[in-house]
Amino acid sequence: MARTPQITFTAGQVDAGDGGALAQAMRDEMAEVYEGLELDGPDMPKAGPAELSPPTGAFLVGRIAGEAVCCGGVKRLPDGACEIKKMYVLPTARGRGVARTLLHALEDEARRLGYTIARLDTGPRQPHASGLYASEGYRAIANFNGNPVATYFAEKRLVA
């Protein structure tokens, strides 16, 4: 595996600018991977500007040499834990450790927001994602968010 490039993370918006463009690229890819998926359907967990903004949420954009290559968000759950949402890495930046670095940045942001438990999910056609999460200490749990597409649900205790 190639050396992980230097990534700079900044606050972004899930619906505007580089963050919005990356989030849309993720949506487009998910529509191909899960044909017929209605991402804004009534049964899908919400992760828009209201959920991924301060004071209880965040949305990060990662850049390599100034180019936006990845994004992800943190959203508050009703029980006080947080959920990591909308993790996405451009195909041209994959295979270099960018997703792992992004996950670490999102966990750091969750800690900064005061969360001690992070949860996430992924679907059956994304085994690379569940493998990453398991390798980073996420442990399988029951379906916590009602996501009708996901088959892998996990959580991790965030320690300072």
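Every read-out reported here was derived from the displayed coordinates using simple, explicitly stated rules and does not represent laboratory data. Only a predicted model underlies this, so the values are computations on that prediction, with no experimental measurement involved. Positions of Cβ are generated from backbone atoms using ideal geometry, with glycine treated the same way; all protein chains shown enter the neighbour counts.
Here are some notes:
- Charge tally for residue 151 (other residues, Cβ to Cβ under 10 Å; Lys, Arg +1; Asp, Glu -1): 0.
- Globularity index of the chain, i.e. its alpha-carbon radius of gyration over 2.2 N^0.38 Å: 0.96
- Per-residue Cβ neighbour rank within 10 angstrom, fewest leading, 130, 53: 53, 130
- Neighbours of residue 24, meaning other residues whose beta-carbon lies under 14 angstrom from its beta-carbon, give a summed charge of -4 when Lys and Arg score +1 and Asp and Glu score -1.
- Net charge, residue 56 excluded, C-beta distance under 15 Å - Lys, Arg +1, Asp, Glu -1: +3
- Per-residue [θ]222 nm for the chain (sum of -39500 (n - 2.57) over DSSP H runs n ≥ 4, rounded to 500): -8000 deg cm²/dmol
- Longest exposed-site-free window of the chain, the sites being trypsin sites (Lys or Arg not before Pro) in a DSSP loop that have at most 16 other C-beta atoms within 10 Å: 47-93
- For segment 1-108, applying the loop criterion from DSSP together with a ceiling of 13 other beta carbons within 10 Å to the GluC sites (Glu not before Pro) yields 35, 38.
- Cα gyration tensor, segment 33-110 - rounded (a/c under 1.5), prolate or oblate: oblate
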